[in-house]
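One structure is given here, and the rest of the page talks about it.
The values are calculated or read from the model by the stated rules, or taken from the named source; none is laboratory data. It should be emphasised that the depicted structure is a prediction, and the values quoted were computed from it without experimental measurement. Methodologically, a virtual Cβ is constructed for each residue, glycine included, from the backbone with ideal geometry; neighbour enumeration extends over all protein chains shown. We work out accessible area using only protein heavy atoms, side chains counted, and drop any ligands, DNA or RNA first. Shrake-Rupley method; radii C 1.70, N 1.55, O 1.52, S 1.80 Å.
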Amino acid sequence: SLPLLLLLLLCAPLTPTVRGHQQTDEQFHEELVVRPLAGDHVNTYFQFTTRWHYGARNNLYHTQLTPRVIAEILQSYDVKELHISLTQGLWRYESWGYPIVDATGGAELWAWFSARNLTNAEVNKQWMQLANVFSGVLCSSLNFVDNTNSIAPRHIFRPQFMHRAAASEQFVRYATLPREIVCTENLTPWKKLLPCGSASGLATLLNSGYVHNTKYHSLGLKVRTLCDRDDDNNCIVELTQTANLVYDLKLLEQSNTDFSLRRLFGMGLNGYCELAASSHIYVQRSEQGARFQLVPAPAWNVSSTRGGHNVLYGVYDIQKQFEELAATSDAAASTRLFNIAWISEKGTRRTGSSLNVPPPPLYAHRYLLGNGQKRGRIATEIRNTHYEPLPVVLLELIPWYVHAYLHTLRIRGKWQRRREYADEALPFKLLQYAPSKQRELPTHLEIGFVLPAQSSALITIEVDYLLLKWLEYPPDANHGHYIGAAVISSQLPMGRNYSALPLEAHLFRDSFNASRPSYTLTLRTEALIVSLPTPDFSMPYNVICLACTVVALAFGPIHSVATKLMIVERQTTMPRNLLRKLIHKLKYRKGKEEAATTPE
């Protein structure tokens, strides 16, 4: 059944359904998920979802909760699905499990286009224009997305939108900017896309001073359209904005592992968004969360069983909480900020971080081999800790200035108990390769194989580092050049460490008890920094300094000699007696005055 699983991963149309979810207006939901992690870390996941059943395409001109820029994009371009992420940091799969929404460091962007008689040239043009639009919307450097860092994956990304498939083709484009840095300039416009902005609701907790001091933070934006297959005028646009943060409790300068919302975000919650249909906070109380006591206690608990894995969540209804406070006669209580505290139980304050955490079923690492600035090898190590074989698809996007050789691609495997990889290579199930073209196209590589149970696979490929033109180097050339993270996809038969939303769902609560025959997993590896052959940029600086110094030293005396007038005066002997000195000065001054008044 292994080829069947691989076929399911590659060819299954993972498209949600629109029937039964029709809405007559726009709805907005805000959610916050708090999960204590191993190693005294805390994961806070914000999700803001706006769904609009707009019907016909012409109705996109009349928006209420949905941002106008999203409606204009759906009108101007043939984009059906869009994903954007801006991330700083690295997610630790081995100790933290899988995130709800996965993202790579820097900026990542991919989109699906679909329309009748759509060509590749038109898609490339719309792809560049779309990147430029969101570069201005999010104040990021997405305008650097072009043909040199964009590819069209064929196997790893599956569409999550739904449309009328008659006589229409689907195109996908993917690009990454690993050098992009996330800062306050991205957070502020991202919050402006929310119906309530940062004035009220859960978004008030996202203070830039606390968000950017985390160990990992990621801002995400996802847009997709869900249209009836039989009716083009029955469509839903879904906008999902996510913020995923990981706090290190040791950096909060606390003597124990206790924490609270006020401690994490610098303030409590001042209310809920008035335009939101629901506002909930979900706190994980099982696994690492079992060692904490919640104050105040949650309104109710939800037990979720997914793929044989059970998780317990405590739920806080923020709307109901503040409505009850507003109904009380105590004015001070109604204006008080809402706060949740996690207090460690006795005996676990010092030993809580040493709890054994089982590794996830599948995780990966990536690194460089070799030395020097001429050639090397890119190595990706994937580990399967599950007791069943897993189908794996790997996507590599290698920049044009790192030339890869396909004939050196190898996949070697080893069992977990062995130290070295075997010489026998694992067979390929699929291979998609598009070579790079200098200053025009990157290397596009997709491989698929089956990873045996409780084993590891090492994928290596040899590369050469090209010498760039001196104008192509960045300002900090000696810092190195980035290679984006590899993307890995698989199908998990179990739900351990898995917390992603189902493809047909749009809220976090839809993932409760959402068991499936298999679970689509997508994860990213580390980005790489390569040191290309770099010229000595200090030499022109030294020449400029020396030349300017010589010119300055030569210009001063020449200018002085050429512009000043030389006057030679006759020297007279001055008497030493004071009285005679005064008489001499008077005679000298009188002689000069007579000489001045005498006509020529």
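Observations on the model:
- Stretching Asp510 away from Arg336 to a fully extended chain increases their span by 59.5 nm, per 0.36 nm per residue minus the current alpha-carbon distance.
- Residue among Thr522, Leu501, Ala477 farthest towards the positive dipole end of the range 472-551, charges placed on Cβ: Leu501
- Ranked order, His559, His506 - accessible area, probe 1.4 Å, largest first: His559, His506
- Between helix 578-597 and the chain there is an angle of about 90 degrees, using the helix long axis and the longest principal axis of the Cα atoms.
- Between 0 and 90°, nearest 10: helix 120-137 axis offset from the chain longest Cα axis: 70 degrees
- In this simple spin-label approximation, Gln416 and Leu579 carry label points 7 Å from Cα along the Cα→Cβ vector, and these lie 11.9 nm apart.
- Stretch gain in nm, segment Val561-Thr549, where the contour uses 0.36 nm per residue and the Cα spacing is subtracted: 2.4 nm
- Reducing the range 376-391 and the range 190-221 to their Cα centroids gives an inter-centroid distance of 35 Å.
- Probe 1.4 Å, all protein chains present, accessible-area order of Tyr387, Tyr216, largest first: Tyr387, Tyr216
- When the charge dipole of the chain is built from unit charges on Cβ atoms (+1 for Lys and Arg, -1 for Asp and Glu) and taken about the Cα centre, the candidate among Leu142, Leu565, Gly307 whose Cα reaches farthest toward its positive end is Leu565.
- A probe of 1.4 angstrom, applied to the heavy atoms of all protein chains, finds Lys250 with accessible area near 140 square angstrom.
- FRET efficiency, Ala56 to Arg439 (Cβ-Cβ, R0 41 Å, nearest 0.05): 0.40
- Among the protein heavy atoms, those of Leu325 account for about 40 Å² of accessible surface (1.4 Å probe, every chain in place).
- Calculated P(r) over Cα pairs in 20 Å bins from 0, in percent (choose from (i) 15, 31, 19, 17, 15, 3, 0; (ii) 19, 50, 27, 4, 0, 0; (iii) 17, 45, 22, 6, 6, 4, 0), label: (iii)
- Full extension of the chain between Ala425 and Val315 yields a length gain of 34.6 nm, computed as 0.36 nm times the residue separation minus the alpha carbon distance.
- Going by accessible surface with a 1.4 Å probe and the largest first, Lys414, Lys587 read Lys587, Lys414.
- If you take the Cα centroid of the range 407-483 and the Cα centroid of the range 269-284, the two points sit 44 Å apart.
- Cβ-derived FRET efficiency at R0 51 Å, Asp476 paired with Ile343, nearest 0.05: 0.65
- Charge tally in the Cβ shell below 10 Å around Thr240, where Lys, Arg are +1 and Asp, Glu are -1, Thr240 excluded: +2
- Flagged links, alpha-carbon separation over 32 Å, of Lys564/Lys585; Lys80/Lys320; Lys222/Lys469: Lys80/Lys320; Lys222/Lys469
- Computed over the chain, the per-residue total of -39500 (n - 2.57) for DSSP H runs of n ≥ 4 gives a 222 nm mean residue ellipticity of -6000 deg cm²/dmol, rounded to 500.
- Charges were assigned to the Cβ only: +1 to each Lys and Arg, -1 to each Asp and Glu. The resulting dipole of the chain about its Cα centre is roughly 2400 debye.
- Using the Cβ-Cβ distance between Ser208 and His407 with R0 = 45 Å, the FRET efficiency computed as 1/(1 + (r/R0)^6) comes to roughly 0.35.
- Over the chain, relative contact order from alpha-carbon pairs under 8 Å, at least 6 apart, %: 16 percent
- With the whole protein complex present, Lys429 retains an accessible surface near 110 Å², based on a 1.4 Å probe.
- Between the range 286-324 and the range 93-122, the C-alpha centres lie 31 angstrom from each other.
- Residues within the reach of a label modelled at Lys374 (point 7 angstrom out along Cα to beta-carbon, backbone nitrogen below 15 Å), restricted to the range 460-480, are 463-467.
- Carbon/sulfur fraction of accessible area - the range 490-533, other protein chains in place, 1.4 Å, %: 53 percent
- The angle between the Cα long axis of helix 538-563 and the longest principal axis of the Cα atoms of the chain comes to about 20 degrees, rounded to the nearest 10.
- Beta bridge orientation in the range 269-323: antiparallel %, DSSP, nearest 5: 100 percent
- Per residue accessible area in Å² of the range 46-149, where ligands, DNA and RNA are left out and the probe is 1.4 Å: 38 Å²
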